[in-house]
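The values are calculated or read from the model by the stated rules, or taken from the named source; none is laboratory data. What you see is a predicted model; the values in this text were computed from it and never measured. The protein model used for the area step is the full one, side chains on, heavy atoms only, and it has no ligands, DNA or RNA in it. Shrake-Rupley method; radii C 1.70, N 1.55, O 1.52, S 1.80 Å.
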Amino acid sequence: MFGLLTVAPNPSQGVFNLSAIQEEHYRNSGYAVYDSRGKRVLQAPWDGSETKINLEGQPKGIYLLKVVNKSWSETIKIVVQ
């Protein structure tokens with residue numbers, strides 16, 4: 001099931017498009033974004049459809065995007081330039 005997420009553009013100026021190759025695997029999921037210190041800076045429910053993640057206003061750097069549902073999680077490194 002893993003490897004079915006797409007985050008683009010990456011790196012970005014702060015806006016990322018999150019989508020799933022097979023949306024049904026991500027129904028009833030959620031995502032959170034963490035900064036390099038582990039502080040959660042954004043959290044939202046997610047159903048697998050294409051959505052925008054807006055980190056404009058956050059400092060430049062590396063963030064972790066974690067997508068979670070009841071039985072698994074997947075983490076992707078994203079970069080704000």
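For the chain, which whole percent of the accessible surface, found with a 1.4 angstrom probe, sits on carbon and sulfur atoms? Show your work: numbers first, answer last.
Details: 2370 of 4980 Å².
Carbon and sulfur atoms account for 48 percent of the accessible area of the chain.
Computed with a 1.4 Å probe over protein heavy atoms only, the accessible surface of the range 1-64 comes to 63 Å² per residue. Whole-Hz Karplus values for the range 69-81 come out as 9, 4, 10, 7, 9, 9, 10, 10, 7, 10, 10, 9, 8 Hz, taken residue by residue from phi with 6.51 cos²θ - 1.76 cosθ + 1.60 and θ = phi - 60°; glycine and proline positions read x.
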